[in-house]
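Q: I am attaching a structure below and will ask some questions about it afterwards.
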Amino acid sequence: MGKVKVRKVARLTPKKKCCRKKVRCIKCPVVIMRMKKIEHEDLSKKELEKRLAKARAA
């Protein structure tokens, strides 16, 4: 899949089913849902990366 910009994660199309691994993939529906919730907040790139890491750590 390659590198994905953090700002564009919320606009990706999710996979059909969550893999439920320890570190979720970027296209996991759960990760995309969590990133959509914080999409409209004015956050810096560093803060977005932290939020993405927290969303994937579930």
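Q: Would you pick out the residues in the stretch 28-39 that are at pLDDT 90 or above and either assigned to a helix (DSSP H, G or I) or within 14 Å of LYS5 (Cβ to Cβ) (or both)?
A: Residues satisfying the conditions are PRO29, VAL30, VAL31, ILE32, MET33, ARG34, MET35, LYS36, LYS37.
Q: Moving to a separate point now. Restricting to the stretch 2-11, and then to whatever is loosely packed, with under 15 Cβ neighbours inside 10 Å and on the phi < 0 side of the Ramachandran plot, can you tell me which residue is modelled with the lowest pLDDT? Explain how you work it out, then say what you get.
A: First, the residues of the stretch 2-11 that are loosely packed, with under 15 Cβ neighbours inside 10 Å: 2-5, 7-8, 11.
Still in the list and also on the phi < 0 side of the Ramachandran plot: 3-5, 7-8, 11.
Values: LYS3: 79, VAL4: 82, LYS5: 84, ARG7: 87, LYS8: 88, ARG11: 90.
The selected residue is LYS3.
Q: Only residues in the stretch 20-41 that are more than 12 Å from ALA57 (Cα to Cα) count as the first member; pair them with residues that are of a type in the set (Val, Ile, Thr), Cβ under 7 angstrom, at least 6 apart or cross-chain, and list the lot.
A: ILE32/VAL9; MET35/VAL9
Q: Looking only at the stretch 40-58, which residues are assigned to a loop (DSSP other than H, G, I, E, B) and surrounded by 13 or more Cβ atoms within 10 Å (Cβ to Cβ)?
A: Of all residues in the stretch 40-58, those assigned to a loop (DSSP other than H, G, I, E, B) come to 40-44, 57-58.
Hits for the stretch 40-58 are LEU43, ALA58.
Q: Would the stretch 12-27 turn up any residue that is in a helix (DSSP H, G or I), at pLDDT 85 or above and not hydroxyl-bearing (Ser, Thr, Tyr)?
A: Here is the first cut: in the stretch 12-27, the ones in a helix (DSSP H, G or I) are none.
Checking the stretch 12-27: not a single residue is in a helix (DSSP H, G or I), at pLDDT 85 or above and not hydroxyl-bearing (Ser, Thr, Tyr).
The values are calculated or read from the model by the stated rules, or taken from the named source; none is laboratory data. Please read these numbers as outputs of a predicted model, since none were measured by experiment. Backbone-built Cβ (ideal geometry, glycine too); neighbour counts: all protein chains shown.
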